[in-house]
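Colleague: First the structure, then my questions, so here it is.
What follows is calculated from the coordinates using simple rules that are stated; it is not laboratory data. This structure is a prediction, so every number in the text was calculated from the model and none was measured. Because the Cβ atoms are built from the backbone with ideal geometry, glycine has one as well, and the counts that use them run over all protein chains shown.
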Amino acid sequence: MSETTTSTSTPTASPVEETGAAPITRGRLVLRRLLRNKLGLAGAAVVVLLFLGAFVSPLVYPWDYRTQDDLALLMPPSPEHWFGTTKLGEDLFAQCMRGLQKSLLIGLLVGVISTAVASVVGATAGYFGRGTDRSLMWLVDLLLVLPTFLIVAILSPAFRGKSWLLLVLLLSAFSWMITSRIVRGMTLTLREREYVLAARYMGMPAWRIIARHIIPNMASLLIIDATIGVGGAILAETSLSFFGFGIQPPDVSLGTLIASGTDSALTFTWLFTFPAGLLVATVLAVNFFGDGLRDALDPTSSRARGRRASRGRRR
Amino acid sequence: MAGFLARRLANYVVLLILATFLAYALASLTFRPLDALSQRQPPPPASTIEAKAVSLHLDKPIPQRFGIWAEGVVLHGDFGRTVADAPINDELWRRAGISLRLFLAGTVIGVIAGVLLGVTAAIKQYKIFDHVTTLFSFLILSTPVFVIGTLLKVLWLPVNQAAGTQILYFNGESTAGFSGTGWEMFVDRLQHLVLPTVAIAIGLAAVYSRYQRSAMLDVLGSDFLRTAQAKGLTRRRALFTHGLRTALIPMATLFAFGFGLLVTGGVFTERIFGWFGMGDWLIVGVQNQDANIIATVTLFVAVLVLFSGWLSDVVYAALDPRVRVR
């Protein structure tokens, strides 16, 4: 961890500031901490690369994920087919990129939506307290008893043949619970702060206090949580697709690709290795980035989300 | 303390009933169990389909259907019949036993390994051991169970081939048609159990070691640990009798959440290793559009999750004297 990072790689950090003459804003401080974290930075770089690969490569790569090359069935990786071909002669690289697109989009959307739901529910429960709190947290308990996978598996036949955006809604609807407990716990302490009391005595409506004063004060937690949620959502989506409960053919996702590659993992290894490796690399990169982001935004936090969760749970 | 635990238990029973009802209602709303029959070639007469609908109680509203099912469960211990008209009880206990064996072995190994790894990593913070465990747990946390399971198979195959015999099996929970003495049966089961258990335990250990590490780090800097050493305990004694006990408290809560996670992992592990347990049944239930199977599996899962939640309350109370006083 040397001093070389900031001055060379950030366009925003001017040399003046390096000497400490100008006051450092919080944004710069966070950026500087983030840039010092090599694993986090590597994660961010890989995520950007994967995004570029997933969305740009279909434009330049000669094969489409649907076309079947009848002259190359089940061929190992070659200069023509980078990741080899499937049983039907489909190009695995094109399929992987298509699957990666879906997985990244779904992960991103689910991460953001579920964190938004969690913050609204948690802040409402914590701010209003009493009956609202009790009933909302009870709902959370109820949903935690039912594993997400179970519910989505039950509902999936009804969504067959419909848009993948429904899958996004479904996944978000069942992955906000633990975060909302954390948010609620933080709201309990925030609502007693002077500025919140002042706003309340000035007659500001409750929803505006929540939107203006409570949620912005947890921004770093929420950003971190959304990032970590992206990784979780990608895993959830691929898991569902693995069983045919998620993305439906003819469309592909990394989950469906791994599912069809699993049986030939011992014989035609590339069918399993490439999609699985790509999936692990994606989630790993997102997690490293999330971890780096946490260290940068909230250096005092112990990394235990469990502790925060327990504080919320224990009342 | 007893009152506290009893109150929790009562709350859990209500949650249990509601969770099962929710799953049953969702399944009944979305499933079309008659499709398999009506799409048969040649198509069966309308009266047959109608009779099937009546026998499945499809003519009644969903709450009443659930009532009939729940009544059977509570009064007679009868979990109803599948769409194909086989009694669910026939399969239930065998499948539950298979899943429990897998879950228990996986949890015990995963938790112990996770706690030990986490504590060691915390004590050796920023040393090689810490970095290696951190990296590995990140890697495993980013790998879905179905990839871990398949990788285990791929990696173990050469070992079996080198040994010239099946040391560990990839499929099923016991060899079909195998008979022998009790000991031989046990060894056979064990040979089947190892790989799926590792698949489950490895993921759990990764999660728990992360949390245990940070919980232990919090404790390491605390005053009471210094005091314990000041009064003459060796560092090791102080760490294990005072430090570990405190660091385990937040883990007790995590344990309750962990079980839900485990159930999902169990579904995949069972499918990949060809175990016909509860997780496999869930998939079968969805494929056959069978609300009764879904409700039964949900009840099983909910009982497990809530029991582990209750157990974690007990552990919490045992570890943290402040809870006991209330």
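Colleague: May I ask for the equivalent-ellipsoid semi-axes of the stretch B:1-157, computed as the square root of five times each C-alpha gyration tensor eigenvalue and listed largest first in whole Å?
Modeller: Details: eigenvalues 412, 125, 41 Å².
Output for the stretch B:1-157: semi-axes of 45, 25, 14 Å.
Colleague: Here's a follow-up. If the viscosity is 1.306 mPa s and the temperature 10 °C, what translational diffusion coefficient in µm²/s does Stokes-Einstein give for the stretch A:29-103 when Rh comes from Kirkwood over Cα pairs? Provide the component values of the computation, followed by the final result.
Modeller: Working: Rh = 13.9 Å.
Result for D is 114 µm²/s.
Colleague: On a 0 to 90 degree scale, rounded to 10, what angle separates helix B:145-163 from the longest Cα axis of chain B?
Modeller: Rounded to the nearest ten degrees, it is 80.
Colleague: Compute the acute angle (0 to 90°) between the alpha-carbon long axis of helix A:270-297 and the principal axis of greatest extent of the alpha-carbon atoms of chain A; round to the nearest 10°.
Modeller: Approximately 20 degrees, to the nearest 10.
Colleague: Also: What is the pair-distance distribution P(r) of the protein assembly as shown, computed from all Cα-Cα distances in 20 Å bins starting at 0, with each bin given as a whole percent?
Modeller: 16, 49, 30, 4, 0
Colleague: Additional query: Can you give me the three principal axis dimensions of the stretch A:145-235 from its C-alpha atoms, in Å, biggest first?
Modeller: Largest first, the stretch A:145-235 extends 52, 23, 23 Å along its Cα principal axes.
Colleague: Work out the count of Lys pairs in the protein assembly as shown where the Cα-Cα distance is under 24 Å, with the pair 8 or more places apart or on different chains. The partial results should precede the final answer.
Modeller: Numbers: A:Lys38/B:Lys124; A:Lys38/B:Lys127; A:Lys87/A:Lys102; A:Lys87/B:Lys153; A:Lys102/A:Lys162; B:Lys52/B:Lys60; B:Lys124/B:Lys231.
Number of lysine pairs found: 7.
Colleague: In whole angstrom, how far apart do the alpha carbon centroids of the stretch B:121-165 and the stretch B:1-62 sit?
Modeller: 41 Å
Colleague: Hey, another quick one. Between the alpha-carbon centers of the stretch A:214-247 and the stretch B:300-316, tell me the distance in whole angstrom.
Modeller: 25 Å
Colleague: While we're here: If a paramagnetic tag sat 7 Å from the Cα of A:Arg130 along the Cα-Cβ line, which residues of the stretch A:173-217 would have the backbone N under 16 Å from that point?
Modeller: Label zone hits: A:206-207.
Colleague: Continuing with this model, one more query. Of A:Ile209, A:Ile247, A:Ile223, which is the most mobile in a GNM of chain A whose springs link Cα atoms less than 10 angstrom apart?
Modeller: Of the options given, A:Ile209 has the highest mean-square fluctuation.
Colleague: Now for a different question. Which residue fluctuates most in the GNM of chain A (Cα springs below 10 Å): A:Gly43, A:Gly89, A:Gly27?
Modeller: In the Gaussian network model the winner is A:Gly27.
Colleague: If you average 1/r over all unlike Cα pairs in the stretch A:203-259 and invert the result, what Kirkwood radius do you get in angstrom?
Modeller: Details: mean 1/r = 0.0725 Å⁻¹.
After inverting the pairwise mean of 1/r, the radius is 13.8 Å.
Colleague: With Rg and the Kirkwood Rh both taken from Cα atoms, where does Rg over Rh land for the stretch B:147-265?
Modeller: Working: Rg = 21.0 Å, Rh = 17.8 Å.
Using Cα coordinates only, the ratio equals 1.18.
Colleague: Further question on the same structure: Taking only DSSP H segments of four or more residues, each worth -39500 (n - 2.57), what value at 222 nm results for chain B once the sum is divided by all its residues, to the nearest 500 deg cm²/dmol?
Modeller: It comes out at -25500 deg cm²/dmol, rounded to the nearest 500.
Colleague: What translational diffusion coefficient, to the nearest whole µm²/s, does chain A have by Stokes-Einstein, given a Kirkwood radius computed over alpha-carbon pairs, a temperature of 10 °C and 1.306 mPa s viscosity?
Modeller: On the way: Rh = 21.9 Å.
Rounded to a whole number, D works out at 72 µm²/s.
Colleague: Per residue and in Å³, how big is the convex hull formed by the alpha-carbon atoms of chain B? Could you put the intermediate results ahead of the total?
Modeller: On the way: hull volume 64.2 nm³, N = 326.
Output value, Cα hull per residue: 197 Å³.
Colleague: Where is the GNM fluctuation largest for chain B (alpha-carbon springs, 10 angstrom cutoff): B:Ala53, B:Ala23, B:Ala113?
Modeller: So, out of B:Ala53, B:Ala23, B:Ala113, the one fluctuating most is B:Ala53.
Colleague: Provide the FRET efficiency to the nearest 0.05 for the A:Asp298-B:Lys127 pair, computing r from the beta carbons and using R0 = 30 Å. Provide the component values of the computation, followed by the final result.
Modeller: Working: r = 25 Å, r/R0 = 0.83.
Efficiency for this residue pair is about 0.75.
Colleague: Rounded if a/c is under 1.5, else prolate if a/b is larger than b/c, else oblate: which is the stretch B:263-302, with a ≥ b ≥ c the root eigenvalues of its Cα gyration tensor? Let's see the in-between values first.
Modeller: Details: a/c = 2.53, a/b = 1.39, b/c = 1.81.
Here the stretch B:263-302 falls in the oblate category.
Colleague: Would you compute, for the Cα atoms of the stretch B:141-180, the largest minus smallest coordinate along each principal axis and list the three values in descending order, in whole Å?
Modeller: 42, 23, 10
Colleague: Okay, moving on. What percent do you get for the relative contact order of the stretch A:50-123 when only Cα pairs under 8 Å and 6+ apart count? List each step's numbers first, then the result.
Modeller: Numbers: 82 pairs, mean separation 21.1, N = 74.
RCO, the stretch A:50-123: 29 percent.
Colleague: Quick one: helix B:128-141 against the long Cα principal axis of chain B, what's the angle to the nearest 10°, folded into 0 to 90?
Modeller: With rounding to tens, the tilt is 10 degrees.
Colleague: Can I ask one more? With +1 on each Lys and Arg Cβ and -1 on each Asp and Glu Cβ, how big is the dipole of the stretch B:29-181 about its Cα centre, in debye rounded to the nearest 20? Kindly include the intermediate steps, with their values, before the conclusion.
Modeller: Numbers: 12 positive and 10 negative charges, 78 e Å.
The calculated dipole for the stretch B:29-181 is roughly 380 debye.
Colleague: Next question. What is the spin-label model distance, in nm, from B:Thr48 to B:Leu116 if the labels are put 7 Å beyond Cα along the C-beta direction?
Modeller: Here the answer is 6.0 nm between the modelled labels.
Colleague: Something else about it: Counting residues in the stretch B:87-185 as N, plug N into 2.2 N^0.38 Å and put the Cα Rg over that result. Could the numbers behind the result be given before it?
Modeller: Values: Rg = 18.5 Å, N = 99, 2.2 N^0.38 = 12.6 Å.
With N residues counted in the stretch B:87-185, Rg over 2.2 N^0.38 Å equals 1.46.
Colleague: From the C-alpha coordinates alone, can you work out the Kirkwood hydrodynamic radius of the stretch A:44-164, in Å? If you can, show how the numbers build up before the last one.
Modeller: Working: mean 1/r = 0.0551 Å⁻¹.
By the Kirkwood definition, the hydrodynamic radius is 18.1 Å.
Colleague: Suppose we look only past 20 Å in the calculated P(r) of the stretch B:176-326. What percent of the Cα-Cα pairs does that tail hold? Each step should come with its number before you reach the end.
Modeller: Numbers: 7402 of 11325 pairs.
When every Cα pair of the stretch B:176-326 is considered, 65 percent fall beyond 20 Å.
Colleague: Let me ask something else. Ignoring everything except DSSP H segments at least 4 long, calculate the 222 nm mean residue ellipticity for chain A; use -39,500 (n - 2.57) per segment, divide by total residues, nearest 500.
Modeller: On the way: 15 runs with 216 residues, N = 315.
Mean residue ellipticity, 222 nm, calculated: -22500 deg cm²/dmol.
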